[in-house]
Amino acid sequence: MTKTELIEKMAEAAEISKAAAGRALDALMENVIAAARSNDKVTMVGFGTFSAAKREARTGRNPQTGEEIKIPAKKVLKFKASSTVNI
């Protein structure tokens, strides 16, 4: 599902305009990212938790040449689904 498709589904479910649903989704994403940058967790009961995680530097391989490359450390966004989420 693309972002546009998600916005359409949100607008339909909430009976609001697509523009309003788009602004709501953008606000959610901005606030989750801002919280992660501040090392805060965002917990949505019944859905899951977003948090920041640090990925250590490591050595990888270029798949075309087989040459070793250094992958730098970085901070990434992590999501852990709630145990009540069943697919």
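Values computed for the structure shown
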{"item": "Candidates 7, 87, 69, 16, filtered to the one that is more than 15 Å from the chain's Cα centre (by Cα) and in a strand (DSSP E or B)", "result": "69"}
{"item": "Index of the failed condition, residue 46 passing every other in (1) in contact (Cβ under 8 Å) with a residue 24 or more places away in the chain; (2) assigned to a helix (DSSP H, G or I); (3) more than 15 Å from the chain's Cα centre (by Cα)", "result": "(2)"}
{"item": "Test result for residue 52, in a helix (DSSP H, G or I) and either farther than 21 Å from residue 87 by Cβ or in contact with a Cys (Cβ under 9 Å, 6 or more places away or on another chain) (or both)", "result": "no"}
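Laboratory data are not the source of any read-out in this text; all were calculated from the coordinates shown. Every value quoted in this text rests on a predicted model; they were computed, and no experiment measured them. FYI the Cβ positions are ideal-geometry reconstructions off the backbone, even for glycines, and counts take in every protein chain you see.
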